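Below you'll find the structure, written out as structure tokens, and then a few comments.
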Amino acid sequence: MDYRIFIVEDDRGIAEGITEQMEQWGLEAKAVIDFHNVMGEFAEYQPHLVLMDISLPFMSGYHWCSEIRKVSSVPVIFVSSASDNMNIVMAVNMGADDFIAKPFDHNVLTAKVQALLRRTYDFGVASPIIEHDGALLNTGDNTLSYQDAKIDLTKNEYRLLLTLMQNKGKIVSREKLMEALWESGDFIDENTLTVNVGRLRKKLENAGLKNFIATKSGVGYKVG
């Protein structure tokens with residue numbers, strides 16, 4: 001299995017060094033590019049493990065670890081020079097799985113990463129997340145997160161949103177959406193689909209996601 005490591009580190013030299021080290025050991029690695037969009041890049045990359053600095057532009061590593069924990073149980077290791085007891089305790093309380101102090105030995109870092117990957121993925125893979133416009137659909141617990149809100153979805157709302165987000169940027173036909181809802185065991189006709197989409201739209205708009213689902217008259221719907 002090709003494990004993906006997501007590196008949230010603003011020192012480019014350190015990030016590149018970690019990337020090279022991970023790749024030497026057969027792991028994929030990607031460093032964050034836009035520190036305004038850490039969660040978007042996280043969702044797009046679907047990492048198996050995150051390496052997180054504390055001191056970052058705009059928001060701290062604690063903030064991003066907390067945001068990740070709202071939508072995923074992926075392992076997080078803090079890598080920071082702020083390695084006093086208070087910061088270590090704070091990191092653990094925010095949901096971190098381990099803490100490595102800077103400066104660090106690359107072989108020690110690699111060993112800890114590999115050990116945590118073995119412990120985590122011997123018992124199953126973290127739930128994948130689909131992202132669009134800051135909204136994160138967690139396919140593990142059928143919820144949608146946006147900003148600081150976690151939006152509970154009904155069975156039909158989840159199936160609709162999953163189908164649309166899996167095909168974001170494309171028009172999904174009404175027939176395909178009805179098939180997705182039919183799998184839930186409900187009888188679906190044209191009117192039932194329209195009602196379900198309307199309810200989902202209202203729920204998304206109430207959460208601040210206006211115009212998230214677009215209509216192509218007579219054809220279907222799309223996200224993005």
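The values are calculated or read from the model by the stated rules, or taken from the named source; none is laboratory data. Everything quoted here is computed from the prediction, not taken from an experiment. Every residue, glycine among them, receives a Cβ derived from its backbone with ideal geometry; neighbour counts consider all protein chains shown. Surface accessibility is based on the protein's heavy atoms, side chains included, excluding ligands, DNA and RNA. Shrake-Rupley method; radii C 1.70, N 1.55, O 1.52, S 1.80 Å.
Points to keep in mind about this one:
- Helix axis angle, 106-121 relative to the chain longest principal axis, alpha carbon, degrees: 40
- Computed log10 I(q)/I(0) for segment 1-54 at 0.13, 0.16 Å⁻¹: -0.27, -0.41, from the Debye equation with unit scatterers placed on every C-alpha and solvent omitted.
- Relative compactness, the chain, computed as alpha-carbon Rg over 2.2 N^0.38 Å: 1.16
- Accessible surface for T154 stands near 70 Å², nearest 10, in the context of the full protein assembly shown (1.4 Å probe).
- Protein-only accessible surface order, largest first, of D53, D2 at 1.4 Å: D2, D53
- About the centre of its Cα atoms, the chain shows a dipole size close to 820 debye [charges on the beta carbon of Lys, Arg (+1) and Asp, Glu (-1) only; nearest 20 debye].
- Straight-distance crosslink candidates among lysines, where the alpha carbon sits under 18 Å from K210 and sequence neighbours closer than 8 are dropped: K150, K168, K202, K222
- Ordered from largest to smallest accessible area (heavy atoms of protein chains, 1.4 Å probe), the residues M178, M22, M59 come out as M59, M178, M22.
- For the residue pairs K70/K216; K30/K170; K112/K155; K112/K170; K70/K203; K30/K203, the alpha carbons lie more than 31 Å apart in K70/K216; K112/K155; K112/K170; K30/K203.
- Label-point gap, in nm, between W25 and K202 - each point 7 angstrom along Cα→Cβ: 5.3
- Helix axis angle, 155-166 relative to the chain longest principal axis, alpha carbon, degrees: 70
- Dipole axis of the chain (+1 Lys, Arg; -1 Asp, Glu on Cβ), positive-most option in Q114, M59, N196: N196
- Along the chain, longest interval not containing exposed chymotrypsin sites (Phe, Trp or Tyr not before Pro), exposed being DSSP loop plus at most 16 other Cβ atoms within 10 Å: 124-186
- For the chain, with all protein chains in place and a probe radius of 1.4 Å, 50% of the accessible heavy-atom surface sits on carbon or sulfur.
- Three principal axis lengths of segment 125-176 [C-alpha, angstrom, descending]: 32, 24, 22
- Solvent-accessible surface of segment 82-165, taken per residue with a 1.4 Å probe and all protein chains present: 51 Å².
- Rounded to the nearest 10 degrees, the angle from helix 190-206 to the longest Cα principal axis of the chain is 40 degrees.
- Among beta bridges identified by DSSP and lying wholly in the chain, the antiparallel ones come to about 55 percent.
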